[in-house]
1. Would you confirm whether any residue within segment 303-320 is of a type in the set (A, V, I, L, M) and touching a His at 6+ places or on another chain (Cβ under 9 Å)?
2. Residues being closer than 27 Å to Leu248 by Cβ, touching a helix residue (DSSP H, G or I) at 6+ places or on another chain (Cβ under 6 Å) and open to solvent by 10 Å² or more (accessible area, probe 1.4 Å): count how many of those fall in segment 303-324.
3. Among the residues of segment 112-138 satisfying the criterion of being open to solvent by 50 Å² or more (accessible area, probe 1.4 Å) and in a helix (DSSP H, G or I), which is modelled with the highest pLDDT?
4. Could you tell me how many of the residues in segment 301-332 are touching a Leu at 6+ places or on another chain (Cβ under 8 Å), touching a residue at least 24 places away in the same chain (Cβ under 8 Å) and not hydrophobic (A, V, I, L, M, F, W, C)?
5. Looking only at helices (runs of 4 or more DSSP H) that lie completely in segment 30-94, which have at least 1 residues being touching a helix residue (DSSP H, G or I) at 6+ places or on another chain (Cβ under 6 Å) and at pLDDT 55 or above?
6. Quick check on my filter: what residues within segment 354-363 are in contact with a helix residue (DSSP H, G or I) (Cβ under 8 Å, 6 or more places away or on another chain) and surrounded by fewer than 16 Cβ atoms within 10 Å (Cβ to Cβ)?
7. Please report, ordered by residue number, the helices (runs of 4 or more DSSP H) entirely within segment 299-389 with at least 3 residues that are of a type outside the set (Ser, Thr, Tyr) and touching a Lys or Arg at 6+ places or on another chain (Cβ under 6 Å).
8. For segment 209-261, what are the residues that are aromatic (Phe, Trp, Tyr) and open to solvent by 100 Å² or more (accessible area, probe 1.4 Å)?
Amino acid sequence: MPSFNYTAVSHSGERKSGTKEAPNASELARALREEGLIMTSANNQQSVISSSFNFRKLLDVFRIFNRVPLVEKMMFARNLAVMVKAGFSLNKALQVLILQTKNKRFIKVITKLEEDVRQGIAFGDALAKHSDIFPDLFVNMVKVGENSGNLEGNLKLLAIQMKKDHDLNSKVKSAMMYPAVILVAMIGIGIGMMVFVMPKLMAIFLELNVELPLMTRIIIAISNFLTNQWLISVIVFIVFVFGSRMFLKSKQGKNLLDQVILKSPIFGNISKKLNSARMARTLSSLIESSVPIVRALEITGGTLNNHLFTDSLSESAKEVQKGQQLSEILMKYPHLFPPLVTQMIQVGEETGTLGEITKRLAEFYEEEVATITKGLSAIIEPILMIIIG
């Protein structure tokens with residue numbers, strides 16, 4: 001039976017560590033619970049000794065393979081709100097969440113949060129140490145909730161906000177799945193034609209002994225290159241893919257991509273409505289949580305995908321701080337914000353119901369995005385057929 005090095009916490013908050021035999025980590029956690037201890041970590045001694053190179057540690061370096069999904073954070077906020085309402089102390093609630101969480105990286109983060117809270121650090125400040133997991137929106141809403149004594153309410157708002165974000169992203173990804181599959185198939189078929197079909201047709205062209213059209217000569221040249229220089233072709237393809245990704249991650253690349261998306265006939269409209277919905281939803285949650293409007297605009301800008309929207313809200317925060325109305329500032333960006341957005345925000349400012357108005361605005365645009373994405377495949381399909389032809 002394997003032995004485990006473990007660390008655990010008693011109900012009184014005392015930290016303990018030791019070695020214990022158990023069939024697996026789950027059985028070890030159960031045995032420790034019977035002794036009144038909550039396990040925070042466990043390492044199999046045999047695996048540590050037998051393997052000096054741990055593949056999982058390598059994955060930890062590449063965080064893309066070890067990310068904390070949005071759903072995990074949503075459930076974290078929702079369950080924490082329930083336990084706070086039920087009267088659990090914050091560190092006790094975090095100890096329970098450690099046992100409920102499946103993501104290994106998130107378990108380590110929650111364990112660190114529990115340790116910080118037990119040492120007297122404010123929960124919001126503890127969250128701020130993990131900015132790669134918890135964005136400004138999460139941290140600020142928790143801090144405001146702690147200061148106002150409404151932590152439970154703000155955690156519920158966060159859970160709702162993240163669920164809406166998840167639903168919105170899922171709808172867009174689902175709508176894009178079909179076009180993406182078609183494009184990949186189109187590229188694969190094109191390469192297959194060049195490598196396997198064209199060489200057989202070239203013998204017929206040579207027998208004709210006539211001057212071929214320019215397009216045909218170009219296709220034959222590409223086919224010859226792919227067939228005879230396949231290694232170079234693979235290297236060029238890999239360099240192109242990685243080069244494109246690096247460029248799109250740069251500031252210039254992001255700017256160019258965002259501008260292209262906004263000016264494209266189909267995706268431009270989706271991008272505007274998607275960013276308008278996310279802006280309104282986030283701004284509504286922050287205002288309802290009593291976050292100051294200037295700070296709320298700065299945080300909201302950081303949650304948007306398109307840098308043009310982010311820059312406009314960053315500029316809006318500066319102008320609002322000077323005393324200007326938000327609706328007047330957003331009117332300067334008609335290419336980003338539809339008239340309905342500025343008009344409803346103006347009504348909210350005049351009536352003092354900006355939080356409620358932006359919430360309704362978010363619901364409207366979320367429905368708009370859902371409607372567009374449902375028919376997106378039908379719109380794109382004939383365009384793809386033309387390209388394939």
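The values are calculated or read from the model by the stated rules, or taken from the named source; none is laboratory data. Fair warning: this is a prediction, and the values are worked out from it, not measured in the lab. So basically every Cβ, Gly included, is an ideal-geometry build from the backbone, and we count neighbours across all protein chains shown. These area figures cover heavy atoms from the full protein model, side chains too; ligands, DNA and RNA do not enter into them. Shrake-Rupley method; radii C 1.70, N 1.55, O 1.52, S 1.80 Å.
1. Yes - at least one qualifying residue is present in segment 303-320.
2. Total satisfying the criteria: 6.
3. By that ranking, first place goes to Lys112.
4. Looking only at that region, the number is 5.
5. Details: elements: 45-50, 55-61, 70-85.
Result: 70-85.
6. Narrowing segment 354-363 to residues in contact with a helix residue (DSSP H, G or I) (Cβ under 8 Å, 6 or more places away or on another chain): 354-362.
Those that are in contact with a helix residue (DSSP H, G or I) (Cβ under 8 Å, 6 or more places away or on another chain) and surrounded by fewer than 16 Cβ atoms within 10 Å (Cβ to Cβ): Glu356, Arg360.
7. Numbers: elements: 307-321, 326-330, 339-351, 354-374, 376-388.
The qualifying helices (runs of 4 or more DSSP H) are 354-374.
8. Quick first cut of segment 209-261, residues aromatic (Phe, Trp, Tyr) only: 225, 230, 237, 240, 242, 247.
Matches in segment 209-261: Trp230, Phe237, Phe240, Phe242.
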